Every structure is written in C-alpha cells, then in structure tokens.
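Here is the structure we will look at.
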Amino acid sequence: MTMPDLEHALDALAGRVSSLREARTAYPDDLAPTLDAALAELDTATELLAEAREQLRKAPKRTASRKDGAQRELKLLRQVFRAFPVPVIVLDGGGVVRRINPETSRMLGSPDGYLVGRSFPLLVDVSRRAAFRSHLTSVLQTGQPSAFETRLAHQGRTHTVQVALTRLTMPGEPQQMVAAVALPTEVQLPEPGARPEQSDGALLIAAAKRQDLLVKMGKLLLDEQALLQPVAVARATRLLAAEWADWVIADILRDGLPRRSVVMGPKNQPVAGVIRQVEGADPAGSQVVLQVLERRSGVVQEMVDDETLLGFCPDGPLLTVMGAGSMVCVPIGVGDGALTLVRGHDRPPFTLADLAVLQEVGLQLGLAVRAQTSYQSRSRAADALSASVAPRNLPDIPGYEAAAVYHPGSSVGAEFYDVFPIANGWGFALGGAAGKGEEAASVSAMVRGGLRVLSVWESDPGLVMRKVNEALVAQGTGMFVMAAAGFVKGRTIRMSSAGHHPAVLLQPDGGVRYAAGGGVPLGIAPEAETGVETLTVGPGETLVLYSEGLISSRNERGEPYGEERLADVLGRCAGQAPSAVVKAVEEDRNLFSGGQVWDEIVVFALRGV
C-alpha cells in the first residue's frame, strides 16, 4: 500500500463517519443501524491500519530519506487519531486510559490529557461498571468487538452513549489495547473548538459562592443556640449538603480515635440503606480520614481514582456505593476531626479553590466545637453552683407551710436560701454575696454551708453568724455577704440579720409589719455586728424574706421596685397560702419591670398553720 492509497482511504473513512453522524441526527430513534455501520467502519479502519503496518514491516531498510517518510507516516496516523470526529479512547487491559483524542476531551469537558493514566470505568455509571469490565475482558480474550449503552459523567456533564470496544495490537506496547468509541445518543457534542474552561463571569460567580458559604457558616456557628446545644456539627453538615455536595460526613476525634458523628446524604433519592452503611463504617479504616488527621491538611480529588480511600461497607468500597466522582476531605479545627464531602459524576468536580474555602470552613467548625465544649462545661459548673445555693425541694416544717421562688439573673448568681433541721426545730437562711460570677457564687455557697453545719451545734443564730463571719474573714476573699437566718422552735422564731433587708410579717387582716433587721454584712470586720430579735408567728401569719434583687428591680423609667410596693402586694395576699404569696410577688415584679431579670430574685414565705 502506497502513501497516497493510505491517505485516500483515510479521507474516505472520515467522509463515511461524517455521513454516519448525519444519519444519527436525522434518525435519533433508530440508532441500531447507525451503530452497526459505525462498527463496520471501525473494522475497516482497523484492517486499513493493520495492512499499512504490515507493509511498513515488510519494507526493506530505507535510507535516511525513507526513514523520514516513515516518520511522516507515523505523524499522519497520530494526526488522524487527533482529528477523528468521534470520541475515541485507547485503554490498556486494566481499563486505564492510555490515549485520548480531543473530541473525547470536548465531550467530557476535561483538559487535553487530563484523563490519561486514570481509570476509565470511574466515568461509567455505577450500575454499569461491572458490565463494562465484562465487555472489556471479553474483547481482550476473544478479539471480537462489543458494544453496549451506558452513561458517562465527568466535569458536571452527563452523556448517554453507545460504547463500542475493539481490540488493538499496537507496536511497541507489551500488552494488547482496546479502542473505545463513545457515540452520544442524548447529548449533542460541543461545537468544535469550544473551550471547556469557565468564563470570567462563571469564575466570579464561583468565587462569590465560596465567600457566601463562609458568611453563612459564620452566622450559623456564632448563633447562641449552637453554644447551648451540641448542634454545630449537624448544622454545618446540613448547610454543606444543601449547597455544596451530595454527601457530607463529619468524623470527630474522641479518645484518640475518629468517631462517625454526622452523615448527610442526597435527599432526592431513596438512599436510607446506603446512609446506614456509611454511618456504620468505621472512619479508622479510611485512608483519607487518617491522612487528614495525621497531616492536619486537606486533600482534594477532582476525579476519584481509588474508591477504597473512604473504607468499605458490606456492599463494597464506600465511594463506589455512594457513586463518588469527586471528593474533598479537610480537618475540623486543629486535628479535632475530619470533614468529607463527596459529589457524584453528574456534578462539577471539587477544585483546589474549593479545597481552600472548605479548609476555612473546617477551621471555623473546629473553633465552634471547642467553644461549645467550653461553654457547656462552664454552664454545667454554673448549674452546679446554682444548685449549691438553692435547695431542690423545701422540707416539711411541723406547724408551718413554706414556699419559695428563685430566679437566676443574667450571670452566675450569688443569692442563696436554705431550710435545714436543727436541734429540736428547724432553721432557715437567706442572703447573697456582693458581686457576680463564679467566685461570688462560691462564697455564697460557703456561707450557706457554714450556717447549715454550725446550726447543728449552736442554738443561737446570732452566734452561728459570728462564727461564719470569722471563717469568711479568714478566707480573705475580699467579699462581704448580706444574710439573715432564723431558728424555728414551736411558734417562736429567733432571727439574726447581717446587713440584710428586714423580714416582713403579714398578718391575717392584711397588716404588714417589718422586722428590725440591721447588722453589718459578713466578711467586713473580724468582729461581726448582727441584729438579733425574736418573733412569734401565729396561725394565719406569714413571715416573708426577700433578696436585694427583688426590691432593686427597675422599670423602664429607672424607678426601683422598693419595699413600699412589696408591702402593698403582700397586703392583698392576706390569708393566702405561701405558694400564692410568692407567686403574687413574682407576677407583680414581672409586670413592674417588663419581665426583665438582671439580678437574682428570691422570695421565701413561712406561714403558721
């Protein structure tokens, strides 16, 4: 065969391929004859090239000029491959792409040469991958061409195609090759010369979406609810699954090992079974998760070429089951966990720009998780301190009914109240340290515990107050505490006050009488100065004690609630049970201050029966 003959035959072949394309367009519902004709043309091309190869082999050694001619022929063959007007991919026996023509790159939307060295079956629809490998093996073993329909997906483009496979024996290759020709049946090929790169406008939109993600994520994680409850990870994964990926997986490090925390899957298909398999998979068996945790840096795979990276489930590699086409994995915080996002073949792949923004998301999420842990730890400590300054339930005091209301303020409070047994009777106490926060609450808890303990040995509340004062001064906290304590024996109540507001005695006829109160707050001087008096509380009378936070509550005009308003409210509660009395005071104060509570509010009522 001469060179002109070869060129003439190839020109004729290109013309026939063009005719086949026109036939496919004119008769889209009758593709079988078109495919058969295409296979026949491929057989013709194979025979033509094989004959040319044999002619070249049998030709005698040539001079330098003839060698130049052979080189020109090889260049011509390469040019034919590049100019072939249909997608052609040359695969090795394992399905790895060895050659790819520009028409294939245009169809799949990938840069020239991008797919070389990658596994072609990863482009094939998951449900047809096993069939593709069977066809590939059959063609290699029998030498007979094969064809089947499938979907190819890459770079966000999806094509339903007829794939024709033909075995090749290529000079210089130690193994046989397979030519795969993909004839689209539903999606038109891009116009010749179309660039797969994104336009400047598309790049700007993509950059804006990344910036928008960071803004949304920041607002989401800074919400107060995200600190109060362990919802930061779940919220973040929901946002990412809604806008950025088909699958989002969060693995949190606990006791030195990654634990699967949250899995978000596609919502537009029934994947509950797959989600359960992903949830049940051990992240410690994931190469990519362990790599990210070890290196504390993210990785991106624009095209997943190893489907075992995320580990296995009963149905095989997780990435295969998930239909993964592209994946990115970034650390959460500084080694606190790993965040994995997966997209299917029919979506644009993750890029290095996506990796950068998702690493920032992972850092934000890690800070939120740590802040949440710290906040909840402090909140539990605050709850413990609050529990240490107020009893869970009031005990029954013979001959009396008791009730109390306690409202914490805007910060960890320092007010306390308590009811406890003493020798031959009962004791109660109420007060608070001057200050806020954990230190003030701990001082109040210490005073409350001291009053309760010392009352076991001492029968006089005044003496108990003085001893607690000595202990408080010795501690050197620098804080002082206003307190009132009473010992109840029969109808007699022995009261001691250390700078606290005086108690109120509500009589059955609605009369209100204030006790003497007085004294100096505990912790100011080594020698305590306390006010002491004895009261008698008969049946129907109610003794009411209250905190500084009650009478100092202010309305919108800045006016204090005050003791006069308290007396008016109590006067309207004559003859009512203690629970009704404290509720009436609580409701009136809320009405006065518009429901705002800045300082702790304590109201304690003890009624003779």
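Is it true that some residue in region 237-253 is out of contact with any Phe, Trp or Tyr (no Cβ under 6 Å at 6 or more places or on another chain), open to solvent by less than 70 Å² (accessible area, probe 1.4 Å), at pLDDT 90 or above and under 13 Å from Q364 (Cα atoms)? Yes, some residue in region 237-253 is out of contact with any Phe, Trp or Tyr (no Cβ under 6 Å at 6 or more places or on another chain), open to solvent by less than 70 Å² (accessible area, probe 1.4 Å), at pLDDT 90 or above and under 13 Å from Q364 (Cα atoms).
Within region 131-144, does at least one residue satisfy the condition of being touching a Ser or Thr at 6+ places or on another chain (Cβ under 7 Å) and among the polar types (S, T, N, Q)? Looking for residues that are touching a Ser or Thr at 6+ places or on another chain (Cβ under 7 Å) and among the polar types (S, T, N, Q), one finds at least one in region 131-144, hence yes. Remark: pairs (first residue in region 549-573, under 15 Å from H407 (Cβ atoms); second residue part of a strand (DSSP E or B) and hydrophobic (A, V, I, L, M, F, W, C); Cβ separation under 9 Å; 6+ apart in sequence or on different chains) = G549/I601; G549/V602; L550/I601; L550/V602; L550/V603; S553/I601. Every test in (1) part of a loop (DSSP other than H, G, I, E, B); (2) open to solvent by less than 40 Å² (accessible area, probe 1.4 Å); (3) in contact (Cβ under 8 Å) with a residue 60 or more places away in the chain; (4) not acidic (D, E) is passed by V488 save one, and that test is (1).
Checking G413, G409, G427 one by one, the residue that is of a type in the set (G, A, S), under 29 Å from V537 (Cβ atoms) and either surrounded by fewer than 16 Cβ atoms within 10 Å (Cβ to Cβ) or at pLDDT below 90 (or both) is G413 and no other.
All conditions but one from (1) buried (at least 21 other Cβ atoms within 10 Å of the Cβ); (2) over 56 Å from the mean Cα position of the chain (by Cα); (3) of a type in the set (S, T, N, Q) apply to T536; the one that does not is (1).
Among the candidates R392, R370, R378, the residue that is modelled with pLDDT under 85, assigned to a loop (DSSP other than H, G, I, E, B) and out of contact with any strand residue (DSSP E or B) (no Cβ under 8 Å at 6 or more places or on another chain) is uniquely R392. Could you look through region 271-283, keep only residues that are closer than 14 Å to M322 by Cβ and part of a loop (DSSP other than H, G, I, E, B), and pick out the one that is modelled with the lowest pLDDT? Per the stated criteria, the residue is V271.
Between G435, G462, G449, the distinction of being part of a loop (DSSP other than H, G, I, E, B) and closer than 22 Å to S547 by Cβ belongs to G435 only. One residue stands out among those in region 452-474 that are more than 18 Å from A525 (Cα to Cα) and in contact with a Pro (Cβ under 9 Å, 6 or more places away or on another chain): the one that is surrounded by the fewest Cβ atoms within 10 Å (Cβ to Cβ), which is V456.
Residues checked against (1) in contact with a strand residue (DSSP E or B) (Cβ under 8 Å, 6 or more places away or on another chain); (2) open to solvent by 50 Å² or more (accessible area, probe 1.4 Å); (3) within 21 Å of G427 (Cα to Cα):
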residue	(1), (2), (3)
E541	yes, no, yes
S552	yes, no, no
N555	no, no, no
Y561	yes, no, no
E564	no, yes, no
G571	yes, no, no
V582	yes, no, yes
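Being open to solvent by 20 Å² or more (accessible area, probe 1.4 Å), under 26 Å from E541 (Cα atoms) and assigned to a loop (DSSP other than H, G, I, E, B): is that true of P398 here? Judged against the criteria, P398 is a match.
Condition check ((1) modelled with pLDDT of 80 or more; (2) surrounded by fewer than 19 Cβ atoms within 10 Å (Cβ to Cβ); (3) of a type in the set (A, V, I, L, M)) across all residues:
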| position | (1), (2), (3) |
| --- | --- |
| Q79 | no, yes, no |
| G95 | yes, no, no |
| E103 | yes, no, no |
| D112 | no, yes, no |
| G117 | no, yes, no |
| L136 | yes, no, yes |
| Q144 | yes, yes, no |
| E149 | yes, yes, no |
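Applying a threshold of 8 Å to beta carbon distances and a minimum spacing of six or more residues, or different chains, the list of pairs starting in region 441-470 at a residue that is without any contact (Cβ under 8 Å) to a residue 12 or more places away in the chain and ending at one that is open to solvent by less than 10 Å² (accessible area, probe 1.4 Å) and of a type outside the set (K, R) reads E458/V464.
The values are calculated or read from the model by the stated rules, or taken from the named source; none is laboratory data. Quantities reported herein were computed from a predicted structural model and do not represent experimental measurements. A quick note on method: Cβ atoms are made from the backbone with ideal geometry, for glycine too, and the neighbour counts reach across all protein chains shown. Areas reflect the complete protein model, heavy atoms only, side chains present, ligands, DNA and RNA absent. Shrake-Rupley method; radii C 1.70, N 1.55, O 1.52, S 1.80 Å.
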